[in-house]
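Below is one structure, written out as C-alpha cells; the observations come after it.
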Amino acid sequence: MNPHATLIETQSIFLVILGLNGVLMYLLPRLTRPDLYFAITVPADFRDSVEGADILRRYRLEVLIHSLIALALVLLSLGVRFTEVLSVAGLFWQVIGCFVAYLRARPRVKPHAVAPATLREADLEPRPARLPGGWALQVGPFAILAAVAVWLQLHWAQIPDRFPVHWGLDGKPNGWATRSIAGVYNPLLVGAAVCAGVGLLAYGITSWARRIQVRGGPGRSEKRFRRTMLSLLVATQYLMALLFAWVGFLALRTQEQMPSPVAVIVPVLVFTVLMVVVLIRTGQGGSRLPEYASGSPVPPAAPAGDRTPDRYWIAGIFYVNRNDPAIIVEKRFGIGYTLNFGQPVSWIVIGLLVLVPLAIALIARSHH
Amino acid sequence: MPDKVIQVDLAGDVPAYQQIVNVLRTQFVAGAFQPGDQLPTVRQLAMDLGVHHNTVAEAYRLLAQEGWLDLRRGRGATIIARPNPPPSPEAESQFARRLDELTAKALAEGVEPATLAKQLDSLAGKLRGGGGR
C-alpha cells in the first residue's frame, strides 16, 4: 500500500466525518420537536420569534467557527508528523466546541420555558412485544457471522500463525492475532455482540418507549418515524454483520494481500450519510414529516414536548427520573432515543452494551 | 366506533386511577370494545401515561370488580361480556345526586346553561338510541 495515498484516504474520511457532524449540529435545533428548543420546553412558535431566531443565529455561528478550527487541524495534519494526534484533536475540538455552543444557548432559552401539558394520552390497542422485522430478519446477521465462522473452520490450515487485526491511520498494521480460537473468531464474536446490542435497542424502542402523540397527524408521523428508526437499526445490524464478517475473513489473508481499510470504511460512511439524510427529513419524532402538521386533533393548551418534565433532564442530555416507568425516551437535542437513567434496567442495558463486547475483545487481546 | 384512546390529566383533581376507570368504563358502555378484546398490559399503559404501575393495576382491579375485565395472570386484561345488573334504587338516586352536583359545578365554573342542556340532550339522544348497555 502507498502510505501517502492511504494517508490522504484516511484524512478524507476524517473530513467527511467533520462535514457530517458539522451539518448535523448546525441543523439540530430545527430538527427537534417544535416545542422543545435546545432541550427546553417552550411554546411551539418560540423558535420562529425574534429571540428564538437570534439564539439560533449565535449558536450556528459558534458551530461554524468550531468546525472551521477542526477542519484546519485535520488539513494541517497532512503536512506534519503528528497526523493521528492532530486529526483526532480536530474531531474532539468540533464535538466539544459544538456541545459548548449548545450549553451556551440554553441559558438564553430558559427565561422562555413553559410548563409542559399535564394531559397524557395513550393508545388502548395492545402492542405485542416483538423483535423488529420478526425472527426471520433478526436471524440474518447472526447467520452471516455463523457462515463465516464455519468457513474459517473449514480453512483453518490456511490461516497464518500470526495475522494483522488492527491498523493505524497510515494503513500499517499495529495489532496482531495468533491462529487460536479466540484470535480467529474474536471479530465474529464482537460482531455478534454488537448485532445483539442493536437488536436489544430496537426491541427496547418497540416495548420500553412511550408513544408521545397518539392521534391525528402528529400520531401518524410518530408511527412513521418509529418504523423508519427500526428499519435503520435492522439495516445497521446487517451492515455490522457484513463488516465484522469482512474483518473475520482477513485471517485468511497474508500481509501482502491485505485490502485497504478504506474499502470497508467507505460503505459505512455512505450508510451513515444516508441515515443522517433520512433522519433530517423525518425530524425528531417525525416532526418534519408533512403529515405532522395535518389533522392535528385539538390545538393543545400547553406544549406537549416529549411528555417528560424539564427538571428531570441534566443539561438536556441525560434523563434521570425514577418515577417514569419508560426505560427509553426520545432525545431532546438529537434524533432518536436515549435511556432513562433513573431506571435500574437502563444500567443493566448499558452494562450489557459496553461490557460484553469489551470482555470479548479483552479475552482475544490476551491471545494476541 | 369511538376512538380507542385514553386521556388522563396528571394535574387534575380526580386521581389518575379514577380517571382511567372513568374513561375505560365510558368506552366499554359505548361499545368501543368487544368481549375477548385485550387492553394494553399494566406496564405498557403505565409507561404511555407516565404513571406508576400500581395506578393502572388499581384501575384494572376496580374494573374487574365491576365485572368488565378478566385479569387472569399471564393473560393481561381481557374484556368480558357483562350483563347489566337489575336496576337498583340506590344506584338511581346516587346517579341523580351526582348529576346535580356535576351540573352545579359546571354552572359555577361558568358553563352556559344552554350548553349544558345541549350536552344533556345529546346524551339523552344516545341513550334512547341504545347507546348504553
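The values are calculated or read from the model by the stated rules, or taken from the named source; none is laboratory data. Since the structure is predicted, the reported quantities are computational estimates derived from the model, not experimental observations. Heads up, the Cβs are rebuilt from the backbone with ideal geometry, glycines too, and the neighbour counts pull from every protein chain shown. Accessible surface areas use protein heavy atoms only, side chains included; no ligands, DNA or RNA. Shrake-Rupley method; radii C 1.70, N 1.55, O 1.52, S 1.80 Å.
Report the net charge of residues surrounding residue A:160, where surrounding means a beta-carbon distance below 9 angstrom and charges are Lys +1, Arg +1, Asp -1, Glu -1.
Cβ neighbours under 9 Å give a net charge of +2.
Counting only the Cα atoms, region A:127-238 fills a convex hull of 131 Å³ per residue.
Label sites at residue A:15 and residue B:37, each approximated as a point 7 angstrom past Cα along Cα to Cβ, lie 6.0 nm apart. Chains A and B together bury some 2100 Å² of accessible area, summed over both sides, with a 1.4 Å probe. Dipole orientation for region B:16-79: of the candidates B:56, B:23, B:76, B:76 has the Cα lying most toward the positive pole (charges on Cβ; Lys, Arg +1; Asp, Glu -1). Dipole check for chain A: with +1 at the C-beta of Lys and Arg, -1 at the C-beta of Asp and Glu, and the Cα centre as origin, the magnitude is about 540 Debye. Under 5 Å between amide hydrogens, built in the peptide plane, is the criterion, and for residue A:37 it picks out A:42 among residues at least 5 positions away or on other chains.
Translational diffusion of region A:127-368, estimated by Stokes-Einstein from the Kirkwood radius over alpha carbon pairs at 10 °C in a medium of 1.306 mPa s, is 78 µm² per second. Any idea which of A:225, A:294, A:282 is furthest toward the positive side of the dipole for region A:127-368, if Lys and Arg beta-carbons carry +1 and Asp and Glu beta-carbons -1? The one lying farthest along the dipole's positive direction is A:294. From helices alone, chain A scores -19500 deg cm²/dmol at 222 nm; the rule is -39500 (n - 2.57) for each run of n ≥ 4 DSSP H residues, then divide by the residue total. The Cα-based radius of gyration and maximum Cα-Cα distance (Dmax) for region B:16-79 are 10.7, 28 Å. Charges were assigned to the Cβ only: +1 to each Lys and Arg, -1 to each Asp and Glu. The resulting dipole of region A:136-267 about its Cα centre is roughly 880 debye.
Averaged across B:48-56, how many Cβ atoms of other chains sit within 10 Å of each residue's Cβ atom?
5
Distance check, please: which entries in A:223/B:4; A:223/A:331; A:110/A:223 exceed 22 angstrom between their Cα atoms? Those over the limit are A:110/A:223. Counting Lys and Arg as +1 and Asp and Glu as -1 over every other residue whose Cβ lies under 13 Å from the Cβ of residue B:65, the net charge comes to 0.
Considering every Cα-Cα pair within the protein assembly as shown, what fraction, in whole percent, is farther apart than 39 Å? List each step's numbers first, then the result.
Numbers: 49610 of 125250 pairs.
Of the Cα pairs, 40 percent sit more than 39 Å apart.
What residues of region A:80-122 lose no less than 50 Å² of accessible area with every protein chain in place versus their chain by itself (probe 1.4 Å, heavy atoms only)? Output list: A:118, A:119, A:120, A:122. Between B:99, B:123, B:63, the residue with the greatest mean-square fluctuation in the GNM of chain B (Cα pairs under 10 Å linked by springs) is B:99.
Charges were assigned to the Cβ only: +1 to each Lys and Arg, -1 to each Asp and Glu. The resulting dipole of chain B about its Cα centre is roughly 560 debye.
Each listed q (0.12, 0.13, 0.16, 0.24 Å⁻¹) maps to a log10 I(q)/I(0) for region A:1-114, found by the Debye formula over equal Cα scatterers with no solvent: -0.50, -0.56, -0.72, -1.21. Using the Cβ-Cβ distance between residue A:89 and residue A:181 with R0 set to 45 Å, the FRET efficiency from 1/(1 + (r/R0)^6) comes to roughly 0.70.
Kindly report the accessible area of the protein assembly as shown per residue (heavy atoms of protein chains, probe 1.4 Å, no ligands, DNA or RNA), in Å². Could the numbers behind the result be given before it?
Values: 25970 Å² over 501 residues.
On a per-residue basis, the protein assembly as shown sits at 52 Å².
Rg over Rh for region B:56-124 works out to 1.14, using Cα positions for both radii and the Kirkwood form for Rh.
Scoring A:339-347, B:80-88, A:266-274 by mean Cβ neighbours within 10 Å over their residues and listing the highest first yields A:339-347, A:266-274, B:80-88. Counted over all Cα-Cα pairs of chain B, pairs farther apart than 18 Å make up 63 percent.
Computed per residue of chain B from DSSP H runs no shorter than four, each worth -39500 (n - 2.57), the mean residue ellipticity at 222 nm is -17500 deg cm²/dmol.
Between beta-carbons, use under 9 Å as the cut-off and find the net charge around residue A:56, counting Lys and Arg +1, Asp and Glu -1. Net local charge, residue A:56 excluded: +4. Between residue A:322 and residue A:51, residue separation times 0.36 nm minus the direct Cα-Cα distance comes to 94.1 nm. The fraction of accessible area contributed by carbon and sulfur in chain A is 69 percent, rounded to a whole number (1.4 Å probe; ligands and nucleic acids excluded). For residue A:139 and residue A:172, the difference between the fully extended length at 0.36 nm per residue and the C-alpha to C-alpha distance is 8.4 nm. Given the options A:153, A:132, A:358, identify the residue whose Cα lies farthest towards the positive end of the charge dipole of chain A (+1 on Cβ of Lys, Arg; -1 on Cβ of Asp, Glu). So the residue furthest toward the plus end is A:132.
Taking only alpha carbon atoms, region B:94-133 gives an Rg to Rh ratio of 1.04, where Rh is the Kirkwood radius.
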